[in-house]
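A.B. asks: This is the structure I have questions about; it appears just below.
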Amino acid sequence: MNANWFKRFESYCRSERQLSAHTVRNYLYELHRVSAKLEENACLSFLWSEVSHEQIQHVLGQLHRQGLSPRSLSLTLSAVKQFCDFLLGEGVINANPAKSLSAPKQNKPLPKNMDLDSVTHLLEIDADDLLSVRDKAIMELFYSSGLRLAELAALDVLAIRFAERQVKVLGKGSKERIVPVGRCAIQAIQAWLALRESILCQDEALFVTAKGKRLAHRSIQARLAKWGQEQALNMRVHPHKLRHSFATHMLESSADLRAVQELLGHANLSTTQIYTSLDFQHLAKVYDGAHPRASRAKKLNSTKREES
C-alpha cells in the first residue's frame, strides 16, 4: 500500500504542484528512508495511514543522533509533512501527524562570491575549440544573468532574445521570468551557436554535448570546476558561485534589493537580503576610514596606545 501512495504522491508533485524533478526525487528518497526506519522500529511492516506523531519524532531523533545535519533533517521533515498533507487531502488520514514537528535550527552560511578580478580572469579563457567556446558562453550567461544551474541547463535556443538582449527563464515552481543578458554574454552565445550548427542536435537545447545531447547538470558543474583549476583560481568554481557573485556585484553597484530579487527569481525578499551581509567587513572599513567620529575614535585609541 505504501509503495502505491508514493507513486501517487510523485505524480501529484510533478503534475499538480509542478515541482522540479530534483525536488521530487529528494522527497521520495527521504520518504523511503523514513519508511525504512519506521519498519525497523516496529519490527514489522507498517502503514502510513496509521503512523503517529511520536513515531515520526522518534525517527527524526534517530537520524539526528546518527549525524544527519540540520539541513538534511529539515529536508526529511519537509518531505514527510508534504506527504502527510497529501494523504490528508486524499482522505487517508484525519490529521497530519508531522504538522507540529520542527527541525533543528541550522546555521545559514553566507554564500561565497568571487571578486570582480577573479570573475574577469575566469572568463578570459582561450575559447579556440567547440567545448571551450560553449563553456565560455555558459559561464558568461551565469554571471551575466544570475541563473540557477537547473534554469540554465533547461534553456532552449529560442529562450535567448538577441534583439532585446534577454533570456526567458523557467524558474522554481514553473514561474517564468525575463532576465537581461549582457553584451559579453550575447557575443559568447552567438559564437557558440555558430559552432552548434555543425552538431546533429537531438532537441532544441541551447547547450549540448559534442554528440548533440542536452548538457547535464553534473557536466556543467564539472566543466566550471575544470576551468577554475585551469585558470589557477584559489577557489572551487561552480554555478552557484557565479550566481552569488552576480547578486553581490549587482547590489554593490546599485543597492537595489528589489531589482536583484526579481533578477534572481526569489519569491521572498528575505532570501535576497542575505547578500546585503556579504560585504559588511568592507563597509565597516569604509566607515572607519570616512566617518568623522569613527576616524577620531581610532586616532584617540592610537594616541592612548602610544602614551602607554
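The values are calculated or read from the model by the stated rules, or taken from the named source; none is laboratory data. Model, not experiment: these values are computed from the prediction. Here the Cβ is made from the backbone with ideal geometry for all residues, glycine too, and neighbour counts use every protein chain on show. Heads up: the accessible areas ignore ligands, DNA and RNA and are worked out on the full protein's heavy atoms, side chains in. Shrake-Rupley method; radii C 1.70, N 1.55, O 1.52, S 1.80 Å.
A.B. asks: Could you pull out the GluC sites (Glu not before Pro) across segment 148-184 that fall in loop regions by DSSP (anything but H, G, I, E, B) with no more than 11 other Cβ atoms inside 10 Å?
C.D. replies: E164
A.B. asks: Right, another one. When averaged across all projection directions, what area in nm² does the alpha-carbon convex hull of segment 1-93 cover? All intermediate terms of the calculation are to be shown ahead of the outcome.
C.D. replies: Details: hull surface 23.1 nm².
With the hull built on Cα positions only, its mean projection is 5.8 nm².
A.B. asks: Suppose a student asked you for the relative contact order of segment 1-90, using Cα pairs under 8 Å spaced at least 6 residues apart; what percent would you report?
C.D. replies: Once normalised by length, the contact order is 34 percent.
A.B. asks: Here's something else I'd like to know. Over the alpha-carbon set of segment 115-241, work out the extent along each principal axis and list the three values in angstrom, largest first.
C.D. replies: 35, 30, 27
A.B. asks: Efficiency by 1/(1 + (r/R0)^6): what FRET value for R65 and D129, r their Cβ-Cβ distance, R0 = 41 Å, to the nearest 0.05?
C.D. replies: 0.20
A.B. asks: Segment 129-210: which trypsin sites (Lys or Arg not before Pro) are DSSP loop and have at most 11 other beta-carbon atoms within 10 angstrom?
C.D. replies: K175
A.B. asks: Find which of L158, A194, V169 sits farthest along the positive direction of the dipole of segment 138-194, computed with +1 on the beta-carbon of Lys and Arg, -1 on that of Asp and Glu, about the Cα centre.
C.D. replies: Among L158, A194, V169, the one farthest towards the positive end of the dipole of segment 138-194 is V169.
A.B. asks: What accessible area per residue comes out for segment 1-90, rounded to a whole number of Å², with a 1.4 Å probe?
C.D. replies: The answer is 56 Å² per residue.
A.B. asks: For a quick check of understanding: with a 1.4 angstrom probe and all protein chains in place, what accessible area in square angstrom does Y12 have, to the nearest ten?
C.D. replies: In the full protein context, Y12 sits at about 70 Å².
A.B. asks: Additional query: In segment 153-235, carbon and sulfur make up what percent of the accessible area (probe 1.4 Å)? Each step should come with its number before you reach the end.
C.D. replies: Details: 2520 of 4960 Å².
Carbon and sulfur together cover 51 percent of it.
A.B. asks: Once you have the Cα-Cα distance between Q221 and E197, take 0.36 nm times their residue separation minus that, and quote the gain in nm to one decimal.
C.D. replies: That works out to 6.2 nm of additional length.
A.B. asks: Only loop residues by DSSP count here, and only those with at most 10 other Cβ atoms within 10 Å; note down the trypsin sites (Lys or Arg not before Pro) in segment 56-110 that meet that. Write down the numbers at each step before the final one.
C.D. replies: On the way: sites: R65, R71, K81, K99, K105; in loops: K99, K105.
Within segment 56-110, the qualifying trypsin sites (Lys or Arg not before Pro) (loop, at most 10 other Cβ atoms within 10 Å) are K105.
A.B. asks: E50 label point, 7 Å along Cα→Cβ, cut-off 19 Å on backbone N: hits in segment 76-98?
C.D. replies: Only 84, 87-88, 91-98 pass the distance filter.
A.B. asks: Report the FRET efficiency, 1/(1 + (r/R0)^6), for Y29 and N4, where r is their Cβ-Cβ distance and R0 is 25 Å, rounded to 0.05.
C.D. replies: Here the calculated transfer efficiency is 0.90.
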